[in-house]
Every structure is written in structure tokens, then in C-alpha cells.
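Worksheet: the structure to be examined is printed underneath.
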């Protein structure tokens, strides 16, 4: 019997508790059951393609790419439509897409890797003398509450401000680099609430987490993540996106904004909250290595993964870089002008990701993309997701 499907939460609403990483008895990692699953049959692939094309027609999606993994193996991948309509370039599973906020789950895993090494704690203060970043972004006095913000609060979007509304700092002052933007924001944008009292989804908070990683490791964010997270998952082809059409990377799709300009924002500056480009299969491989199952071996300890994916009373649908629900599913969605994405780890051991190269404001494209994934997987008789 299948557990009920969880509802897609567009802004990943919830804040996770900050339990210490357990030093007691090790948690048992369940083995995938069944041990392996077959690839879809030709008729099942055709059924998946039919519902994919219906979604694409509804939202005028140029390209859709999709991958499914189980027990360490990619068991299905497919792509439909055009990577570049003007050049009549067909999309393939090898094309790269901006993944938008799916990036947050990767940043979280990188932070928790440093916690396992004893180089960070969830309770560490982030700003001010004696804190992680010290006075890199300005000296006291700060706006009220800024010097009380902790690492854990940034991970759970409970730092008290800088939400992704019309004033989202990450979409302002595009000529500023990350240090300039953080310094400006701390000086000019007081917190909306005291830290640790309210959930407010914050791209800016995850931008700061990228700088925390750089401060602690002495490496550029992307270099550290590639070496210590992605390469350990067998992922080698991911990089940070460019901003303009001229900066489009080899095998990267072209983006179509449907009223919004996908090349009029500083995506490179979004590195740790929304800046990666990847194939769906790469994100699936990453998720399978932090999914809490015994196969493949995870890159984080079971206790660490439990902490990373545990929600709190502040908002029971979001942990630390992952949306979660009571069915045991974890996921994250992403949206930028020209990009809609989702990546899911299920309680039954499946992981999948689907990326498109368009977006449509004031529509249900995010939730429908999520539903599409469940519907496509449901076409395979021997997959019990």
C-alpha cells in the first residue's frame, strides 16, 4: 500500500529543530527493499512520455529532462523537447540546466560535512567579533538581532528576515559582489523579527552559508563543494551558472522566461542558494548519497542525516535545506525566470529530479511539475514509490 503523496510546498515552508548530532548508539540505515528495481519497459516509457508531453503543452515548456535513481543506480533518464528552439537543438539527458533552489540541499550537505569534522556547530554565531565571519561584513553596532543569528537559524530560515519577497536582497544591486551585498544588507535591512521566532524562506541566508563555508575552509564555495560533496557522490560535471546568454556553457539549455528575462539577474552570485547547473541524473546521484539508506554508502553519518532532515514546530514542512513531510519524503523545488525544477527523495528509496528551461509566474507549474514526476514514476508497475 502506498503512503499518500505529499503536497509540493513551493517555498519549502518550515524550520527544523537544532538537535545536537548524536554521539550515542548509531542509527541503523535501512537497506533498499527490494534490493533493486528494473528499468521501465518500452510501453511504460511511452506512457511516461505521453504525460510529460501533456505537461509541456499545458505550460509551453521547451525542454523537460527527468532522471530516476534507486539503490545507487540511475534506473531511468529521458528528455523531451528543445534545448534551443531557435537552433532547433533537441534536448537530451546530457544537457545542463540551472537548478535554482535545489542548490540549497547541496549547501546544507556541505555545512553538515563541516559539522561532522568539528569545524562548525549549529549553535555558532555568524556575525560579529568572535563569530564565524567575524567583522568581515561590518563592525558593531549592528541592527538589533544580527549578532545573535546562528548557523542553524540560517539553515532553517529562522534568522528573522531577508525573505524572498519583492525586497529579496539576492535580486537587488546586481553589480555588487557577495561581500558587498552582505555588508549592504546588514547595514540597511533590519531584521523583521528576532532570530529563532519565525520562519521566513531566505535566499540571502543561504548566500551567507556559502560565505561561511568559504571562511571555514579557505576555499571558494564551488571548489569545496565539488571536492568534498559532489565528487564523493560520483558527480563531476556540475558548475556555477553564468548570467547572460553569451555565458551559456557547453551543453547548457537556453532559458525562456514567458514574460520574465532569464538573462537579467546575477545567477553566479546565487551560487550557494540557487546557482548550480546540472543534469537531473547528477542531482539524483547526490541525493542517493545522502538519502539515509544503506546502499549506496552515504557521505554523511546517519545521525547527521537525521538532524539535517528533522523539522521543528516552527514549520513542520522544512528541515535544513530540505522540505520534509510525515510520510518520510524529502525534496526541494526551485524557480527562477526561465527555470522550474524539483528533486525528490522518497521514503521507499527512490530519488528523482526533473528540470525545465522555462517558468510561468502566477501559475501552478511548480506543483504540476512535482505531480508529473509522481505520475510518471507511477506508470512503472514494479516501482513502488
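The values are calculated or read from the model by the stated rules, or taken from the named source; none is laboratory data. Everything numeric in this text was worked out from a predicted model, so none of it was measured. Backbone-built Cβ (ideal geometry, glycine too); neighbour counts: all protein chains shown.
Listing for the model above:
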{"item": "Tally, over the range 157-195, of residues that are under 24 Å from residue 267 (Cβ atoms), in a helix (DSSP H, G or I) and in contact (Cβ under 8 Å) with a residue 24 or more places away in the chain", "result": "9"}
{"item": "Test: residue in the range 226-237 that is without any contact (Cβ under 8 Å) to a residue 12 or more places away in the chain and assigned to a helix (DSSP H, G or I)", "result": "yes"}
{"item": "Check on residue 208, in contact with a helix residue (DSSP H, G or I) (Cβ under 8 Å, 6 or more places away or on another chain), buried (at least 21 other Cβ atoms within 10 Å of the Cβ) and more than 30 Å from residue 293 (Cβ to Cβ)", "result": "yes"}
{"item": "Selection count, the range 133-156, where residues are in a loop (DSSP other than H, G, I, E, B) and within 18 Å of residue 201 (Cα to Cα)", "result": "3"}
{"item": "Subset of the range 86-133 that is free of Cβ contacts under 8 Å to residues at least 60 places away in the same chain and touching a helix residue (DSSP H, G or I) at 6+ places or on another chain (Cβ under 8 Å) - its residue that is surrounded by the most Cβ atoms within 10 Å (Cβ to Cβ)", "result": "127"}
{"item": "Failed condition for residue 246, given (1) surrounded by fewer than 18 Cβ atoms within 10 Å (Cβ to Cβ); (2) touching a residue at least 12 places away in the same chain (Cβ under 8 Å); (3) more than 24 Å from residue 154 (Cβ to Cβ)", "result": "(2)"}
{"item": "Lone qualifier among 123, 103 - being assigned to a helix (DSSP H, G or I), within 20 Å of residue 211 (Cα to Cα) and either at pLDDT below 95 or under 23 Å from the mean Cα position of the chain (by Cα) (or both)", "result": "103"}
{"item": "Qualifying residue in the range 139-156 (condition: in contact with a helix residue (DSSP H, G or I) (Cβ under 8 Å, 6 or more places away or on another chain), surrounded by fewer than 20 Cβ atoms within 10 Å (Cβ to Cβ) and in contact (Cβ under 8 Å) with a residue 60 or more places away in the chain)", "result": "no"}
{"item": "Flag if residue 227 is out of contact with any strand residue (DSSP E or B) (no Cβ under 8 Å at 6 or more places or on another chain) and at pLDDT 95 or above", "result": "yes"}
{"item": "Members of the range 66-85 that are surrounded by 21 or more Cβ atoms within 10 Å (Cβ to Cβ) and closer than 16 Å to residue 248 by Cβ", "result": "83"}
{"item": "Considering residues of the range 294-308 that are touching a residue at least 40 places away in the same chain (Cβ under 8 Å) and part of a loop (DSSP other than H, G, I, E, B) only, the residue surrounded by the fewest Cβ atoms within 10 Å (Cβ to Cβ)", "result": "294"}
{"item": "Selection status of residue 291, buried (at least 20 other Cβ atoms within 10 Å of the Cβ), at pLDDT 95 or above, in a loop (DSSP other than H, G, I, E, B) and touching a strand residue (DSSP E or B) at 6+ places or on another chain (Cβ under 8 Å)", "result": "yes"}
{"item": "So residue 266, is it assigned to a loop (DSSP other than H, G, I, E, B) and either crowded, with 24+ Cβ neighbours inside 10 Å or out of contact with any helix residue (DSSP H, G or I) (no Cβ under 9 Å at 6 or more places or on another chain) (or both)", "result": "no"}
{"item": "Odd one out for residue 275 among (1) within 13 Å of the chain's Cα centre (by Cα); (2) surrounded by fewer than 21 Cβ atoms within 10 Å (Cβ to Cβ)", "result": "(2)"}
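Okay, residues lined up against (1) under 18 Å from residue 275 (Cα atoms); (2) at pLDDT below 95; (3) crowded, with 16+ Cβ neighbours inside 10 Å:
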site: 158; (1), (2), (3): no, no, yes
site: 163; (1), (2), (3): yes, no, yes
site: 166; (1), (2), (3): no, yes, no
site: 175; (1), (2), (3): yes, no, no
site: 179; (1), (2), (3): yes, no, no
site: 182; (1), (2), (3): yes, no, yes
site: 190; (1), (2), (3): no, no, no
site: 199; (1), (2), (3): no, no, yes
